[in-house]
Amino acid sequence: MPVNMDAIYLDHAATTPLDPRVLEAMLPYFSGEFGNPYSIHRWGRRAEHAVETARATVAAVLNCQPSEIIFTSGGSEADNLAVRGAALAERERRGANHLITTPVEHAAVLATMRQLRDHFGFELTVLPVDADGRVSAEAVAAALRPETALVAVTYACNEIGTIEPLAEIAAVCQSAGVRLHTDAVQAASQLLLDVQRLGVDTLALGAHKLYGPKGVGVLYARAGQWLLPTQTGGNHEEGLRAGTHNVPGAVGLAEALRITAAERETHNAHMAALRDQAMAGVLSAIPHSALTGHPTERLPNHASFVFEGVDGNELLMHLDLAGIAASSGSACKTGDPEPSEALLALGLPRAWALGSLRVTLGRATMAAHIDRLLAVLPAAVERLRTSVAAPA
Ligand SMILES: *Cc1c(COP(=O)(O)O)cnc(C)c1O
């Protein structure tokens, strides 16, 4: 069934629509230009040229060398390679067996860290965050040990939109000689991605969060051959990844990133104005509501809330019936009755954390969409509270 044209999509943190210009750039690589970049013949050379051009485009946006760009199957694989690859390599190199991260990471980072703890003998410190979900550089400094192998801090949290003070954290890690990974998958559509300024050693991107295709991502890995590959089988991507390239995917990711970098400020200004309208409107119209995440240090497209005594998943179903697509916490948690770990880490009580709503705007979001949300949401919240409170 086609999506109702009146439907309003406010879930751009889950995924974004493919930019038609990106599709256009990809199309030849699904048909005539089907070569394998590792083949010697002309089909191979043309495919290789396409992948290497894409790599150079990504490197220019990230301000790094093309040889520091590893194409992956998505943001999750990039996070996995960065975290597992650094942890295993640093333990081999100098016996480092301690990892540091935050409770506001995507599962691709947090679950990888926990697997390293539970099955590979690493120790794990999950840092505290403040009520806005910010990690302090002081907390990182206090957690560092001589045997720390890696620190991983997200650039911006997908669930609550908070932007972390990455440059300050990077300074702490650099002076201690400890590697820093950042998950920039959510931030990439809106924030600057200059890895020299950020001071990180690895950074993960995923194309489908920035109007590119699904199933392709990038890991920036600072030069030095210091990561242990976690996928073996071919000597591709500086020896860090096996598998025949997703050629249309790499082309699409590069084009999506190029467009994003060129248009970032225009889209951010547009979305931030509507986001502020959404935040003010929701908080003033709905009693027992609160913003989650930092009030200003947050992604320009991201508004997130909790409502006391409401089931977040029921609220999403109500909104969907009214033609509005949003999400509750992280998309991966749908159907999970447990409150989100990130929301609990902010210190929210369970009865608030279960009633979360994430509204994430996109380039095509209009004021009328926010007006519609504000017309529908207060009554939906009210109804769900009444149904919860009704005696049996
Ligand atoms: C979506 C997302 C991921 C996973 O990226 P995929 O390309 O879907 O694998 C990782 N981290 C964050 C913060 C995300 O928002």
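Within segment 151-162, how many residues are β-branched (Val, Ile, Thr), outside any loop (DSSP other than H, G, I, E, B) and within 12 Å of the ligand (Cβ to nearest atom)? Looking only at that region, the number is 1. A search for C-beta distances below 9 Å between a residue of segment 32-59 that is of a type in the set (D, E, K, R) and any residue that is open to solvent by 70 Å² or more (accessible area, probe 1.4 Å), counting only pairs 6+ apart in sequence or on different chains, returns Glu33/Trp43; Glu33/Arg46; Glu48/Tyr38.
Inside segment 76-103, residues that are over 20 Å from Ala170 (Cβ atoms), small (Gly, Ala, Ser) and within 13 Å of the ligand (Cβ to nearest atom) make up a count of 1. Considering the conditions (1) among the acidic types (Asp, Glu); (2) touching a residue at least 24 places away in the same chain (Cβ under 8 Å); (3) out of contact with any helix residue (DSSP H, G or I) (no Cβ under 9 Å at 6 or more places or on another chain), Asp194 is excluded by exactly one of them, (3). Exactly one residue among Ala47, Ala25 is touching a Pro at 6+ places or on another chain (Cβ under 6 Å) and farther than 21 Å from Asp194 by Cβ, and that residue is Ala47. The sole residue among Thr16, Thr53 that is in contact with a helix residue (DSSP H, G or I) (Cβ under 7 Å, 6 or more places away or on another chain) and under 25 Å from Arg258 (Cβ atoms) is Thr16. Assessment of segment 332-351 against the conditions (modelled with pLDDT of 95 or more, buried (at least 20 other Cβ atoms within 10 Å of the Cβ), touching a helix residue (DSSP H, G or I) at 6+ places or on another chain (Cβ under 7 Å) and assigned to a helix (DSSP H, G or I)) yields at least one matching residue. Taken over segment 170-209, the criterion of being surrounded by fewer than 24 Cβ atoms within 10 Å (Cβ to Cβ) and part of a helix (DSSP H, G or I) is satisfied by Ala170, Ala171, Val172, Gln174, Ser175, Ala176, Val195, Gln196, Arg197, Leu198, His208.
When you check Thr296 against the structure, is it buried (at least 20 other Cβ atoms within 10 Å of the Cβ), within 25 Å of Val135 (Cβ to Cβ) and either among the β-branched types (Val, Ile, Thr) or touching a residue at least 60 places away in the same chain (Cβ under 8 Å) (or both), yes or no? Please lay out each step first, then the result.
Details: buried (at least 20 other Cβ atoms within 10 Å of the Cβ): no; within 25 Å of Val135 (Cβ to Cβ): yes; either among the β-branched types (Val, Ile, Thr) or touching a residue at least 60 places away in the same chain (Cβ under 8 Å) (or both): yes.
No: the conditions fail for Thr296.
Out of all the residues in segment 20-50, which are in contact with a helix residue (DSSP H, G or I) (Cβ under 8 Å, 6 or more places away or on another chain) and either under 30 Å from Met317 (Cβ atoms) or β-branched (Val, Ile, Thr) (or both)? Across segment 20-50, the qualifying residue is only Val22. Just one residue in the set Arg55, Arg114 is within 16 Å of the ligand (Cβ to nearest atom) and basic (Lys, Arg); that residue is Arg114. Inside segment 210-229, can you point out the residues that are open to solvent by 10 Å² or more (accessible area, probe 1.4 Å) and within 15 Å of the ligand (Cβ to nearest atom)? Those that are open to solvent by 10 Å² or more (accessible area, probe 1.4 Å) and within 15 Å of the ligand (Cβ to nearest atom): Tyr211, Pro213, Lys214, Gly215. Every test in (1) within 16 Å of the ligand (Cβ to nearest atom); (2) at pLDDT below 95 is passed by His106 save one, and that test is (2).
Residues that are among the acidic types (Asp, Glu), modelled with pLDDT of 95 or more and in contact with an Asp or Glu (Cβ under 6 Å, 6 or more places away or on another chain): does segment 182-189 have at least one? Checked against the condition, which is being among the acidic types (Asp, Glu), modelled with pLDDT of 95 or more and in contact with an Asp or Glu (Cβ under 6 Å, 6 or more places away or on another chain), segment 182-189 yields at least one hit.
The values are calculated or read from the model by the stated rules, or taken from the named source; none is laboratory data. Computed from a predicted structure; not experimentally measured. As a convention, Cβ positions derive from the backbone with ideal geometry for all residues, glycine included, and neighbour counts pool all protein chains shown. Quick note on the areas: whole protein, heavy atoms, side chains included, nothing else; ligands and nucleic acids left out. Shrake-Rupley method; radii C 1.70, N 1.55, O 1.52, S 1.80 Å.
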